[in-house]
Amino acid sequence: MGVTVLQQFPMGENKTGPQTIEFLTKRVVALGAVQCGQFLVDCETYMSVPALGTPRTVHVLHNSEQPASVFSLLETGTKTIPLVADGLFDLLMLKMTPIYTSKKQTKVESKGPRFELTDFVIKLGSVTMSQNFKGILVEVEYRPCVVPANCWELLREFLQGFLGTCVQNIPPQYLQNRMNDIYQPMDTIHQYLDHFTMYRKASGMIQYQ
């Protein structure tokens, strides 16, 4: 995989989620992109029980681009510990219900059409929480490059070409201190979690900070 940038797209006035996805699809297809299936990224969050002491939060995410992997991030209050495991991790979390409990109404997912355009992969995601529409996330991956600093300007220009002025001239907050690192799948997961957390906060789920 290459370097990925995740961008929130503002909803137009009086436009629904499907209408916005259709609008963006037309723009992407006009560039010459070809749809190659669908994609899905989801996130479920587990909270530690009070008897465990210091509150801990475990975020469990799946990305259809890495179907054999389960990504988790443990927040201890002072640091975040990432982990990449296989599908059995989901079964492990089910067995840990005496310690970690899931709030089903806060499960978030981003899904929609996946496009390819030469070296780029474009994903137009409708974000839902408990099946309620929350917004649009656009993911763009530039596959030939694995160092963000070497391709950020190209990604920015490409994003601005079909998303317009909503794309900032600076990299996403998460990438700013990692511009010279080798990009990993977990970096995409971190970006999704940042956006999912903002959607949860906007819905009043501030306990998932």
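The values are calculated or read from the model by the stated rules, or taken from the named source; none is laboratory data. Because the structure is a prediction, the values reported are computed rather than measured. Counting neighbours? That spans all protein chains shown, and the Cβs are built from the backbone with ideal geometry, glycine included. Calculation scope for accessible area: heavy atoms of the full protein, side chains included, ligands and nucleic acids excluded. Shrake-Rupley method; radii C 1.70, N 1.55, O 1.52, S 1.80 Å.
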Handout entry: Pair list, Cβ < 7 Å and 6+ apart or interchain, from the stretch 48-71 residues that are under 13 Å from L83 (Cβ atoms) and in contact (Cβ under 8 Å) with a residue 40 or more places away in the chain to residues that are of a type in the set (D, E, K, R) and surrounded by fewer than 14 Cβ atoms within 10 Å (Cβ to Cβ)
Key = S69/D86
Completion exercise
Here, strands (runs of 3 or more DSSP E) confined to the stretch 74-163 with at least 3 residues that are among the hydroxyl-bearing types (S, T, Y) are 100-102
Practice task
Would you check if there is a residue in the stretch 97-111 being at negative phi and among the small types (G, A, S)?
Solution key: yes
Exercise for the section: Report whether or not R156 is surrounded by fewer than 20 Cβ atoms within 10 Å (Cβ to Cβ), closer than 18 Å to P10 by Cβ and basic (K, R). Expected result: yes
Handout entry: Residues that are modelled with pLDDT under 95 and open to solvent by less than 20 Å² (accessible area, probe 1.4 Å), drawn from the stretch 109-134
Key = M129
Practice task
Considering each residue of the stretch 169-209, count those that are free of Cβ contacts under 8 Å to residues at least 12 places away in the same chain, more than 26 Å from T128 (Cα to Cα) and of a type outside the set (A, V, I, L, M), and give that number.
Solution key: 2
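Applying the selection to the stretch 153-168, what residues are under 20 Å from F115 (Cα atoms) and either of a type in the set (K, R) or in contact (Cβ under 8 Å) with a residue 24 or more places away in the chain (or both)? Even if it seems obvious, please write down each step before you answer.
Taking the stretch 153-168 first, the residues under 20 Å from F115 (Cα atoms) are 154-164, 167.
Scanning the stretch 153-168 gives L155, R156, F158, L159, G161, F162, L163, V167.
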Fill in the blank from the handout: When every residue in the stretch 159-178 that is over 19 Å from L31 (Cα atoms) and surrounded by fewer than 14 Cβ atoms within 10 Å (Cβ to Cβ) is compared, the one farthest from the chain's Cα centre (by Cα) is N169
Fill in the blank from the handout: Reported set for the stretch 30-65 where residues are among the polar types (S, T, N, Q), within 22 Å of L6 (Cβ to Cβ) and open to solvent by 40 Å² or more (accessible area, probe 1.4 Å) is Q35, Q38, S64
Completion exercise
Every listed condition ((1) open to solvent by less than 70 Å² (accessible area, probe 1.4 Å); (2) in contact with a Cys (Cβ under 9 Å, 6 or more places away or on another chain); (3) under 22 Å from F9 (Cβ atoms)) holds for Y199 save (2)
Handout entry: Test: P144 is out of contact with any helix residue (DSSP H, G or I) (no Cβ under 6 Å at 6 or more places or on another chain), under 23 Å from T128 (Cα atoms) and open to solvent by 30 Å² or more (accessible area, probe 1.4 Å)
Key = no
Problem - Leading residue by the ranking (surrounded by the fewest Cβ atoms within 10 Å (Cβ to Cβ)) among those in the stretch 1-29 that are touching an Asp or Glu at 6+ places or on another chain (Cβ under 9 Å) and part of a strand (DSSP E or B) - result: Q7
Completion exercise
Checked pairs for the stretch 109-134, first over 25 Å from A33 (Cα atoms) and among the hydroxyl-bearing types (S, T, Y), second at pLDDT 95 or above and surrounded by fewer than 18 Cβ atoms within 10 Å (Cβ to Cβ), C-beta under 7 Å and 6 or more apart or across chains, list as none
